[in-house]
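None of the figures in this text is laboratory data; all of them are computed from the coordinates on show. Computed from a prediction, not measured in an experiment: that's the story for all the values here. Glycine gets a Cβ as well: all are built from the backbone with ideal geometry, and neighbour counts include every protein chain shown.
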Amino acid sequence: MVISTLLDNVRMRFDLYYFTNSHSAAEGLREQQQTLTMLARKGTARDRRLLLLLLSHLYRLEGLIARDDLNYPMAETCFQQASLLAQEAECPELDALSLACRAVLFVRQQQATIALQCYEAACAIARRSSPALKAYLAIGAAEAQSMLRETSCLRTLEQAHRWLRQMDPADDPLLLYRSTRCSEQTLLDCSLMCQAALGRYEPALDYYSDIDQRIDLSMPRRKARLLIQCAKLLYQNRDMSCCFYATEGFRIAKRIDSHYNMQQARELATVLKARLPADPRVQELAAIIEGLQ
């Protein structure tokens, strides 16, 4: 009963992270980690393994929260701890997942080569894992490949699509789907990002032309990210409606305290302000981001 209750709590925390904001998911997180650590020391061998798996999830979730707050050193520490706990529990799936989370850190710091190495190592660890995890890793690897202008990213996405078709979205014992939210939408988002990185803007522009119908309203962090990605692409296409989408993305990110998405909007606003300081749309965007409106 205790294990079942703890498992439900981990599910709830991931739901809070994806559907509300990271700080709701973080409430009481440290205390729960301490409780599980204490229980793991006293439990039976079977219970201890289950508790270690839950601890790995919780440390990875703490790393996700720190990463979204731009606290990359803390995120790195948490992902490493999650990986060590997964190894102690002899669970290659969660070990690979923690390594993939570290890879995202390198993607965000524009270190695509290191990120791709992490993804390749994670894929090797998870070669016998579920389709949900393998699809998630392939999508991440494709993003890193596209940053390096490697057309192989398109083949990687095709493989990810084949695994997604085999995936069962039902809750699994390791919470792989619950904790990654890997889906066809995730694959499509990454595919458009890869196309744009390779200089093929038309598919992404066509997709974003109806972005209001494409966004999953239940996942505000993803909604903010898509709006800001749309704004960046429109700016590259010299379309000043980018200011509107950047504004909307920033407002959502601010409401849920998504510091990474807010940073992305600020960077775009800085570029726009430097190049088009007299444009009233740019001035309005800058004023909103600077808190003047």
- [ ] Can you tell me the dipole magnitude for region 92-199 around its Cα centre, using point charges on the Cβ only (Lys, Arg +1; Asp, Glu -1), in Debye to the nearest 20?
- [x] 160
Task: Amide H contacts under 5 Å for Asp172, placed H, 5+ residues apart - done: Tyr177, Arg178
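Rounded if a/c is under 1.5, else prolate if a/b beats b/c, else oblate: with a ≥ b ≥ c from the C-alpha gyration tensor eigenvalues square-rooted, which is region 1-90? Before the final figure, lay out each step's value.
Details: a/c = 2.31, a/b = 1.41, b/c = 1.64.
Oblate is the answer for region 1-90, as a/c is 1.5 or above yet b/c matches or exceeds a/b.
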TODO: Could you pull out the longest piece of the chain with no exposed loop GluC sites (Glu not before Pro) in it, calling a site exposed if DSSP puts it outside H, G, I, E, B and it has at most 14 other Cβ atoms within 10 Å?
DONE: 91-289
- [ ] With only Lys, Arg, Asp and Glu charged, each at its Cβ (+1 for the first two, -1 for the last two), find how big the charge dipole of the chain is about the Cα centre; round to the nearest 20 debye.
- [x] 300
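Once every DSSP H run of n ≥ 4 in the chain is given -39500 (n - 2.57) and the sum is divided by its residues, what mean residue ellipticity at 222 nm do you get, rounded to the nearest 500 deg cm²/dmol? All intermediate terms of the calculation are to be shown ahead of the outcome.
Working: 17 runs with 230 residues, N = 293.
Theoretical 222 nm ellipticity from helices: -25000 deg cm²/dmol.
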- [ ] Could you quote the convex hull projected area for region 212-293, Cα atoms only and averaged over all directions, in nm²?
- [x] 5.0
Open item on the list: Starting from the 7 Å offset along Cα-to-Cβ, what nm value, one decimal, do you get for the label separation of Asn71 and Arg127?
Closed with: 3.8
